[in-house]
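A quick write-up on the structure given underneath.
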Amino acid sequence: MKDIYGDRLSIEWFAFPLEQVNSTRGAEWKLWEQPDPYESKGLWAFRGGEAAKLQGRGIFECFHMALLRAKHVERKDIANREVLIEIAREVRMDVNKFREDLFSRRILAKIGEDYTRGVEEHGIWGTPTLVFNGRQAAYLKLRPAPPPEESARLFEELFTIIHGRPYVIEVKRPRVPPALVSDFKTSI
């Protein structure tokens, strides 16, 4: 999107652990306060993202895209610290600094701050949630990802609906048999 919109578009990524949202341990339990041996599905990936941010915005963006590809395309276990270090190496990060920051507990506070901000300022409960101009927020669920040639148009349509029409609260599709999905595409 940056190649299309340039400086008119600023994308900020915030940590929002679904493990915290879905926890049944009570409101006082905080994922980011758990000891390092705690087995988490996503906390180490969030730590990796924060460690990557410490090496600069461009490095973080490369790391983040590689992390998403590793999880969703290559089906790698991003809770595995070695996988995170492998990704850091792949995107040509300073791996020694990355490893040091990854294992530092000081970056955990940022994950907690991001989560709290998302809940308190935007009412976020799921990911991905888009927040336009710091105000209008909407949860989005896509499957599969749109083709690259449709991405900009989809983004513009979402912006129009989410930012420009705050009275639209929710749009949900009913689950239909797969055979009928193709009928929807051709009848519109």
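Annotation: lysines with alpha-carbon distance below 20 angstrom to Lys97 (same-chain offsets under eight excluded): Lys53, Lys110. Stretching Arg92 away from Glu120 to a fully extended chain increases their span by 6.5 nm, per 0.36 nm per residue minus the current alpha-carbon distance. Qualifying GluC sites (Glu not before Pro) in segment 108-170, where qualification requires a DSSP coil assignment and no more than 15 other C-beta atoms within 10 Å, comprise Glu170.
Lys and Arg at +1, Asp and Glu at -1: add these up for the other residues within a Cβ distance under 12 Å of Ala109 and post the number.
Spelling it out: positives minus negatives among the neighbours equals +1.
Taking all Cα pairs closer than 8 Å and separated by 6 or more residues, the relative contact order of the chain comes to 20 percent.
Compactness of the chain, taken as the C-alpha radius of gyration over 2.2 N^0.38 Å, stands at 1.15. Tell me the net charge near His122. Cut-off is 13 Å between Cβ atoms, His122 excluded, with +1 for each Lys or Arg and -1 for each Asp or Glu. Charge balance near His122 sits at -2. Across segment 56-157, the mean sequence separation of Cα contacts (distance under 8 Å, 6 or more residues apart), normalised by length, yields a relative contact order of 12 percent. Computed from the Cβ-Cβ distance with R0 of 25 Å, the FRET efficiency linking Lys76 to Arg99 stands at 0.90. Remark: Glu82, Glu50 ranked as Glu82, Glu50, counting other beta-carbon atoms within 10 Å and listing the fewest first. Net charge in the neighbourhood of Arg8 (other residues with Cβ under 14 Å of its Cβ; Lys, Arg +1, Asp, Glu -1) is -2. Using 0.36 nm per residue and subtracting the Cα-Cα separation, the extra length available between Ala27 and Ser10 on full extension is 2.9 nm.
When chymotrypsin sites (Phe, Trp or Tyr not before Pro) are flagged only if DSSP places them in a loop and at most 13 other Cβ atoms lie within 10 Å, the longest unflagged stretch of the chain comes out as 39-102. Tell me, what is the FRET efficiency for Lys41 and Val171 to the nearest 0.05, using R0 = 30 angstrom and their Cβ-Cβ distance as r? Step by step, r from the Cβ atoms, then E = 0.55.
Read the figures in this text as sums done on the coordinates, not as results from a lab. This structure is a prediction, so every number in the text was calculated from the model and none was measured. In this analysis, Cβ positions are derived from the backbone assuming ideal geometry, glycine residues included, and neighbour counts consider all displayed protein chains.
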